[in-house]
2 protein chains.
Amino acid sequence: MNDLSKPRKLHKSSSFHFKSLGSPRMPRKSLLKPSLATAIVILALYLLFSFFFSNPPNLSSHTTSDVSKLAVKSGPPIQSPTKIFLYNLPRKFTYGVIESYLTARNSPTTDLKYPGNQHSAEWYLFSDLITPERVNSPVVRVFYPEDADLFYVPFFSSLSLVVNPPGKAPGAYSDERMQEELMEWLDEQVYWKRNFGWDHVFICQDPNALYKVIDRVKNGVLLVSDFGRLNRDQASLVKDVILPYSHRINPFKGEVGVDGRKSLLFFMGNRYRKEGGKVRDTLFQILEKEPDVIIKHGTQSRESRRMATQGMHSSKFCLHPAGDTPSACRLFDAIVSLCIPVIVSDYIELPFEDVIDYTKISIFVDTASAVQPGYLASMLRTIRTERILEYQKELKEVKRYFEYEDKNGTVNEIWRQVTSKLPLIRLMINRDKRLVQRELPNLDCSCLCSSQNSSRSIL
Amino acid sequence: MNDLSKPRKLHKSSSFHFKSLGSPRMPRKSLLKPSLATAIVILALYLLFSFFFSNPPNLSSHTTSDVSKLAVKSGPPIQSPTKIFLYNLPRKFTYGVIESYLTARNSPTTDLKYPGNQHSAEWYLFSDLITPERVNSPVVRVFYPEDADLFYVPFFSSLSLVVNPPGKAPGAYSDERMQEELMEWLDEQVYWKRNFGWDHVFICQDPNALYKVIDRVKNGVLLVSDFGRLNRDQASLVKDVILPYSHRINPFKGEVGVDGRKSLLFFMGNRYRKEGGKVRDTLFQILEKEPDVIIKHGTQSRESRRMATQGMHSSKFCLHPAGDTPSACRLFDAIVSLCIPVIVSDYIELPFEDVIDYTKISIFVDTASAVQPGYLASMLRTIRTERILEYQKELKEVKRYFEYEDKNGTVNEIWRQVTSKLPLIRLMINRDKRLVQRELPNLDCSCLCSSQNSSRSIL
């Protein structure tokens, strides 16, 4: 991350103005008539206050040496925040989903608190937009759709998936029907049709959320956890935004250091997974033999969360193997635990990768190397303490990106990423309007292709 | 284009502070001791001036009704300008190309003026970056590569292509050798290798510029006229920037109106072209018969430019058929002539399409319809005068985007577009650093696919 990611104050010289106020010599005895004295003093104080409060001094934001390297010393351009319109969806798509969830569990519905889960970004984004006093956000909420750059569809699509408790007969609630009803509602909205959907933002963080209608909403900006179950023409790094899961264990409050971190590597989670997650069983077999590695089979429960917290807070490294899809909330648990993630998930996509260099906070190991007996543990043992402390310091730096409740955290970063899609969204809207009938051998796609089509393990 | 494209002033309330200065009642006779009076008045004036000059009042930028619709009234976030490092290439790649061009034509090399041609963006961008006092640019030039977000490679690659005059025996100059030597030079630069080339900007406006080394520079942001000769893994709307050609005829200085525009449709250019340009001959055959259409075969010359100017300034519509590649400078000649472009070029890509809705300034006709005898002329005749005036007004609005010499014109718009690529550039850099060896059935590409894969003619 370089300093471009931090907004700079425009009026860096305000501290100078402020200091200059110290100089006027005051007479020992006032010779002013009260009325004039009062008027002038009030005027001076008023100007001082106005100036000071609208231009807080910010000595650190723009150092002299920094400025002197620039050919142009005029202020940076000011970017208007992106204007977002929050659809006033029928209640059943938002609070109604929470009610259905609670009802299906025979819980009281008096307090409509979103049930804690790793896909709660949908709740945080919605809550953010309905907050009356929002500050320092890259997006402003507008109340007239005509003013909007983007339209946010706040359906709780991930919670909707799990309204019916597993293992019980399905109740009256149907997620599939909800998805269809959402589309019926959208199809009646003039702004939904106006720009082919390009300027609409959908949240579908659970890899199965919105699966039934995904082809109908795919032009929009999709807020997802990964692309594991999405086709290349449905979602991409170019169009969409990768969200972090909410971490489920408590952040580590201590300082960087290895004294309290006696075990080398920690993992606790389901041993058996589909797809890329099949590697887990092999990793268990290899790592169970290592004396300084803690690797445990466990499923979601309060007790296992407690054990995971303890393990992640007392280990140097935390294993992050692929699950059913390439991503998992464990990665974010590790980050807030300052436990260096060891990522064994070849197809993972990571949140905020435009500003976070993950090689500084984690270790990537390709699956083929990771399943070589002895490789992983002995490689990690070669990493010296100084290097571990460096990783931990970087983890501390980026922690806020993974804190949904931080005012300067995940929510604003998601909006910042959505905002950065705007030029391409506008381009696609204008271009789609004027394209003519023509012969195309393939889909009409614009792509960005990695230069690392065949790559190496990076340490 | 909506108001987001215009930067807004932060401190819109400054006019209020200024007005409040009028109110303090001044006594008829001063009772102040000179020293104190002076100190306070100087202080007040100083604050007033400081405040006023660092916050010029800007009543028009943010109206009250505008603000009242926003949920958040805090100022917009400030975006730092993108920092660009201009490579100090050996002289032979810049001024040296001009010298070689002049020498090959036995012209004096005392005045190193860039020879006028439609690919002169390379000159304008270079000139802009070497200007000491640049203002209101979306990019600032930095002089330490370590500070840079992007690196600009100012090789005059389009001029280099035409150094040897056509039809003459090639001289000592070889464009291919120059391309190779550029790569040799780049390969010695630490910053070229550091980020896989993603943060480098190359200009290759002529469709054949840099053709020999394009695969080696394709990770960079390419500034091109179209994608006619580039593969999908070499260039795309996502990664690259479409430049307008410099217009070659004089802008129309008059007002909107049809009185001076007696002919319906005008075209002057080469009748015979390759690829999509084959349609030209058919269009000639059809349109030559129409009484109010002027269609002439002509090649580049001072005389034909004079005739084209006259034709474009006195016609309502200007035909823009594909040439050897989908784009051509004629489109931009038409725009600055307020002659409504009629675009018959199915695969054209257009500059600044994120901010310009070309359906408001031009008419798109698919080739299959355009070659139906009678279709084009009779369709254009149905367009009423009011509609023509609307098109002309919009053309006037967007003219500045196509004026390379306008301080608020093409050059800044190109930099703005380059800047908008930065989040994706940073994402690709960070992602490529951490990708591991894995099996991929295809290239590892992220794509944005048009929703108009089979589309209709739009009027």
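Quick note: the coordinates plus some simple rules give every number you see, no bench work behind them. Please read all numbers here as calculations on a predicted model, not as lab measurements. Please note: Cβ atoms are built from the backbone with ideal geometry, for glycine as well, and neighbour counts cover all protein chains shown.
Table for the structure above
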item	result
Residues whose placed amide H lies under 5 Å from that of A:SER337, excluding near-sequence neighbours	A:PHE252
At 1.567 mPa s and 4 °C, Stokes D of region B:274-329 from Kirkwood alpha-carbon radius, µm² per second	105 µm²/s
Region B:302-370: radius of gyration over Cα atoms, expressed as a fraction of 2.2 N^0.38 Å	1.10
Per residue Cα convex hull volume in Å³ - calculated over region B:245-363	104 Å³
Per-residue mean of C-beta atoms belonging to partner chains within 10 Å, peptide A:231-239	5
Convex hull projection area averaged over all views, region A:124-282, Cα basis, nm²	14.4 nm²
Ascending list, in nanometres, of distances separating the A:SER301 label from those of the other copies (7 Å, Cα toward Cβ)	9.2
Kirkwood Rh and Cα Rg combined as Rg/Rh, region B:152-239	0.98
For residues of A:140-147, the mean tally of beta carbons on other chains within 10 Å	3
Share of pairwise Cα separations in region A:94-176, more than 22 Å, in percent	36 percent
B:GLU176-A:GLN310 pseudo-label distance in nm [points 7 Å out on the Cα-to-Cβ vector]	7.2 nm
For region B:345-403, the Rg and Dmax computed from alpha carbons only, in angstrom	13.3, 36
Where labels lie 7 Å past Cα in the beta-carbon direction, separation of B:ASN208 and B:PHE143 in nm	4.0 nm
Inter-copy label distances at A:GLN372 (7 Å, Cα→Cβ; nm, one decimal)	6.7
Relative packing of B:181-187, A:325-331, B:444-450, which averages over residues the other C-beta atoms within 10 Å, highest first	A:325-331, B:444-450, B:181-187
Cut-off under 5 Å, modelled amide H: who pairs with A:ASP346 long-range	A:THR367
Alpha carbon convex hull of region A:230-298, projected area averaged over orientations, nm²	7.5 nm²
Residues whose placed amide H lies under 5 Å from that of A:MET268, excluding near-sequence neighbours	A:LYS296
Protection proxy ranking of B:124-134, A:212-222 - average other beta-carbon atoms within 10 Å, highest first	A:212-222, B:124-134
Peptide B:413-422, shielding by other chains (average Cβ, 10 Å cutoff)	2
For B:ARG271, inter-copy label distances in nm, listed shortest first [label point 7 Å out on the Cα-Cβ vector]	8.2
Semi-axes of the equivalent ellipsoid for region B:389-450, Cα gyration tensor, largest first, Å	39, 16, 7
Radius 13 Å from Cβ of A:LEU161, net charge of other residues (Lys, Arg +1; Asp, Glu -1)	-1
Alpha-carbon gyration tensor eigenvalues x 5, square-rooted, for region B:321-459, Å	36, 22, 12
Radius of gyration, Dmax [region B:299-341; alpha carbons; angstrom]	10.2, 27
Spatial separation of Cα centroids for region A:353-407 and region B:113-191, in angstrom	40 Å
Of A:LYS289/A:LYS316; B:LYS113/B:LYS239; A:LYS212/A:LYS407; A:LYS296/A:LYS316; B:LYS278/B:LYS399, those spanning more than 25 Å from alpha-carbon to alpha-carbon	B:LYS113/B:LYS239; A:LYS212/A:LYS407; B:LYS278/B:LYS399
